[in-house]
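Read the structure below first, then the notes.
The values are calculated or read from the model by the stated rules, or taken from the named source; none is laboratory data. Note that the structure is predicted; figures quoted are calculated from it, not measured. Neighbour counts are summed over all protein chains in view; Cβ atoms, including those assigned to glycine, are modelled from backbone coordinates with ideal geometry.
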Amino acid sequence: MGRVEPASDVFVGALQKRALPHENSDRKHVCYVVLGLLYLVLSLACSCTYVTILAESLTNDYWWRQFNTTGAHTFLADVFSARLSRGVHTNATSLDLFSIANFKDYSQPVSFVDLRETAVRRWLLRPLPLKLAVETVRANSLYENIYTFVAPCWVDLGRQFEMAHTSIRQKRCLRNQKANAAVYMEAMLRNVGAGELLHTAFGGSINQTILTPVTTLPNGQEWVSALYAHEWLSVADEIALWQQFGLEFWTIQYQNRFHYATQD
């Protein structure tokens, strides 16, 4: 009877060296994990480096490194305010940034605009062009126009109905304010909504205290009726009408009920 011989050492060694399939899969998985972690670390490092490099450029909206937008804005406002206080021609198209010497540190995180308290007052109390006056009156309500304090000299543009509270002031109006459209109530009343004259508290007061008494004067009834029936002209035609009556500018009067201000 035959005998089974033990396997040779060479054959057993070959079996031991051959890798099993699941062992190869585990090695690949470990490699992928390591590579993934390295990629993640490298991506985070690159992102942090990019943000660090970009940080200075992100401090303002212009992507300008070490540019202080707060200080620059304040500087420009100071130059403009200083030039404005000295008087700017209405046709000026340029502003020299180096024409004003201003001793101030604009590198601070917070800086404030230097504005003279009288600058706005000087700007608003100067003679305004008629075009700006017409557009401003039409943009405001009757309430806002009434509180633009001006002591009226006449009710109508034709200077038939006088409003000064004394004869001396009336003569002063004729001498000094004849060309100022702001002292004529009609200049305002022609450029507010007809509904405001009829249906608001201020409109009622004007009707009761001014327009109704005017109707008792010669030509008063016709003038008041024409005012109620009036429709807005174009700005150019309205200005031409004012100029026919010798009006040249619009200047308001100083008052302290409201604080003057500008909005840039």
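Could you tell me whether any residue of the stretch 200-217 is in a loop (DSSP other than H, G, I, E, B), touching a residue at least 24 places away in the same chain (Cβ under 8 Å) and closer than 22 Å to residue 137 by Cβ? Lay out the reasoning, then the answer.
In the first step, residues of the stretch 200-217 are kept if they are in a loop (DSSP other than H, G, I, E, B); the result is 200, 215-217.
Next, from what is left, pick out any that are touching a residue at least 24 places away in the same chain (Cβ under 8 Å): 200, 217.
Those left that are additionally closer than 22 Å to residue 137 by Cβ: 200.
Within the stretch 200-217, one or more residues are in a loop (DSSP other than H, G, I, E, B), touching a residue at least 24 places away in the same chain (Cβ under 8 Å) and closer than 22 Å to residue 137 by Cβ.
A quick yes/no check of all residues on (1) surrounded by 10 or more Cβ atoms within 10 Å (Cβ to Cβ); (2) modelled with pLDDT under 80; (3) more than 19 Å from residue 111 (Cα to Cα); (4) touching a helix residue (DSSP H, G or I) at 6+ places or on another chain (Cβ under 7 Å):
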site	(1), (2), (3), (4)
29	yes, yes, yes, no
41	yes, no, yes, no
44	yes, no, yes, no
49	yes, no, yes, no
54	yes, no, yes, no
67	yes, yes, no, no
74	yes, no, no, no
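Can you tell me which residue in the stretch 108-132 is farthest from residue 200 (Cα to Cα), limited to those that are in contact with a helix residue (DSSP H, G or I) (Cβ under 6 Å, 6 or more places away or on another chain) and not basic (Lys, Arg)?
Step by step, filter the stretch 108-132, then rank; the result is 111.
Determine which member of the set 92, 133 is modelled with pLDDT under 75 and either part of a loop (DSSP other than H, G, I, E, B) or of a type outside the set (Asp, Glu) (or both). Don't jump to the end; show me each part of the working.
Details: 133 fails: modelled with pLDDT under 75.
The unique qualifying residue is 92.
Could you list, in sequence order, the residues of the stretch 228-257 that are modelled with pLDDT under 90 and assigned to a helix (DSSP H, G or I)?
Within the stretch 228-257, 228, 229 meet the criteria.
Of the numbered conditions (1) assigned to a helix (DSSP H, G or I); (2) more than 19 Å from residue 128 (Cβ to Cβ); (3) at pLDDT below 90, residue 144 fails exactly one; give the number of that condition.
Result: residue 144 passes all but (2).
Tell me which of these residue 195 doesn't satisfy, since it passes every other one: (1) touching a residue at least 24 places away in the same chain (Cβ under 8 Å); (2) more than 27 Å from residue 178 (Cβ to Cβ).
All conditions are met except number (1).
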